[in-house]
Ligand SMILES: Nc1ncnc2c1ncn2[C@@H]1O[C@H](COP(=O)(O)OP(=O)(O)OP(=O)(O)O)[C@@H](O)[C@H]1O
Ligand SMILES: [Mg+2]
């Protein structure tokens, strides 16, 4: 057993989730890993705005990206420090940090055929500030091998949540939604299935001044607008055959505004929110029914698991399945992704592949990550 730290900051741009975990290489089931400490740090508004700006074309991007990567890593380092203090450990006792960085562009297999995925991150600075080995840039090798570079969490979902004799699925509702299919027999599959929280968050921010719609209470006051829902569901990405992944490159304010402009009449803001929640629920539920109709249990992780309205809509569309938070299977929703990056750091240090080619579409299993030694 060795100790690893996993740091995840996802497309929601809400902040960083960090776990310190004891991992047993190769072991399966909830006992194979033990979370010793969890820490969350929100992004200051100014950093969130800078990172959001870097998601689209802008002026002097290289300069702004480099400085944003430094600012991000200073927050990562504070989380590492807090995790160590919380568990009275010193840096030398931690084998490695797996740090995701901040995705600002995700365009695998595009342009020149290889494309790229870009997670802002200054691994050298994190190694310098933390005194711990850092593994980062965990997606690029999979993209180089012809894959999507995403999702990377299915391998951990499999190790944690697969159940003998039962088809299980895991839905991570971060900024983007991604599904992992864990059949009782057969290979693990996984893919991005739709927008998760990203569109609901931006609408809530724009019209309510809140970073997100707490528990989905605002959405619950609105009516679903069918023509708008149909318009959203007509997005070709939803019909694309996996492997597939997406990000803010697609599901962003411009995308939503174009759909709204296509409506014959103005839609009330609460009704838009209700329709966006329905869109996220339908995108996930429809994909699950299409790709894994025999699933009996859907575990939901990511911050969307706290959106009671969204969880209810999912359950409504999946009447034959038990829909429950990952907490019921032993791991709180915000710890799952962070734990995945601790797990990927562990895979890197033992030179084990971290990707599942059946999920990402890569030409084969690959050791994922770039390494910045502590000393
Ligand atoms: N109490 C809550 N009610 C409703 N939504 C919530 C609540 N708490 C968190 N969320 C949603 O969860 C989001 C954050 O989730 P999470 O951190 O899993 O996403 P992420 O950072 O985008 O991660 P990733 O992209 O890796 O999945 C918030 O932006 C918000 O939309
Ligand atoms: Mg987050």
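The values are calculated or read from the model by the stated rules, or taken from the named source; none is laboratory data. Remember, it's a predicted structure, so these values are computed and weren't measured experimentally. Every residue, glycine among them, receives a Cβ derived from its backbone with ideal geometry; neighbour counts consider all protein chains shown.
For residues that are within 12 Å of ligand 1 (Cβ to nearest atom) and touching a helix residue (DSSP H, G or I) at 6+ places or on another chain (Cβ under 6 Å), tally how many sit in the stretch 13-29.
First, the residues of the stretch 13-29 that are within 12 Å of ligand 1 (Cβ to nearest atom): 13-18.
Going one step further and asking which of them are touching a helix residue (DSSP H, G or I) at 6+ places or on another chain (Cβ under 6 Å), we end up with 13, 16-18.
Selection size over the stretch 13-29: 4.
For (1) surrounded by 16 or more Cβ atoms within 10 Å (Cβ to Cβ); (2) without any contact (Cβ under 8 Å) to a residue 24 or more places away in the chain, each residue gets a yes or a no:
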position: 63; (1), (2): no, yes
position: 73; (1), (2): yes, no
position: 99; (1), (2): yes, no
position: 103; (1), (2): yes, no
position: 114; (1), (2): no, no
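Is the stretch 329-345 home to any residue that is out of contact with any strand residue (DSSP E or B) (no Cβ under 9 Å at 6 or more places or on another chain) and surrounded by fewer than 19 Cβ atoms within 10 Å (Cβ to Cβ)? If you could, list the steps in order and put the result at the bottom.
Taking the stretch 329-345 as the starting set, the residues that turn out to be out of contact with any strand residue (DSSP E or B) (no Cβ under 9 Å at 6 or more places or on another chain) are 330.
Next, from what is left, pick out any that are surrounded by fewer than 19 Cβ atoms within 10 Å (Cβ to Cβ): 330.
Checking the stretch 329-345: at least one residue is out of contact with any strand residue (DSSP E or B) (no Cβ under 9 Å at 6 or more places or on another chain) and surrounded by fewer than 19 Cβ atoms within 10 Å (Cβ to Cβ).
When you go through 171, 229, 238 one by one, which is the residue that is under 15 Å from residue 150 (Cα atoms) and either within 16 Å of ligand 2 (Cβ to nearest atom) or surrounded by 15 or more Cβ atoms within 10 Å (Cβ to Cβ) (or both)?
Values: 229 fails: under 15 Å from residue 150 (Cα atoms); 238 fails: under 15 Å from residue 150 (Cα atoms).
Answer to the selection: 171.
Against the definition (touching a residue at least 24 places away in the same chain (Cβ under 8 Å) and either more than 26 Å from residue 115 (Cα to Cα) or surrounded by fewer than 16 Cβ atoms within 10 Å (Cβ to Cβ) (or both)), how does residue 364 come out, yes or no?
Working: touching a residue at least 24 places away in the same chain (Cβ under 8 Å): yes; either more than 26 Å from residue 115 (Cα to Cα) or surrounded by fewer than 16 Cβ atoms within 10 Å (Cβ to Cβ) (or both): yes.
Spelling it out, residue 364 is indeed touching a residue at least 24 places away in the same chain (Cβ under 8 Å) and either more than 26 Å from residue 115 (Cα to Cα) or surrounded by fewer than 16 Cβ atoms within 10 Å (Cβ to Cβ) (or both).
When the residues of the stretch 1-23 are narrowed to those that are part of a loop (DSSP other than H, G, I, E, B) and touching a strand residue (DSSP E or B) at 6+ places or on another chain (Cβ under 7 Å), which ends up surrounded by the most Cβ atoms within 10 Å (Cβ to Cβ)?
Looking only at the stretch 1-23, we keep the residues that are part of a loop (DSSP other than H, G, I, E, B), and these are 1, 9-14.
Filter again for touching a strand residue (DSSP E or B) at 6+ places or on another chain (Cβ under 7 Å), leaving 1, 9, 11, 14.
Working: 1: 12, 9: 28, 11: 22, 14: 21.
My answer is 9.
Look through 75, 97 and report the one residue that is more than 16 Å from ligand 2 (Cβ to nearest atom), at pLDDT 95 or above and on the phi < 0 side of the Ramachandran plot. Don't jump to the end; show me each part of the working.
Numbers: 75 fails: more than 16 Å from ligand 2 (Cβ to nearest atom).
Residue meeting the stated conditions: 97.
Can you name the residue in the stretch 28-59 that is without any contact (Cβ under 8 Å) to a residue 60 or more places away in the chain and part of a loop (DSSP other than H, G, I, E, B) and, of all such residues, is nearest to residue 197 (Cα to Cα)?
That would be 43.
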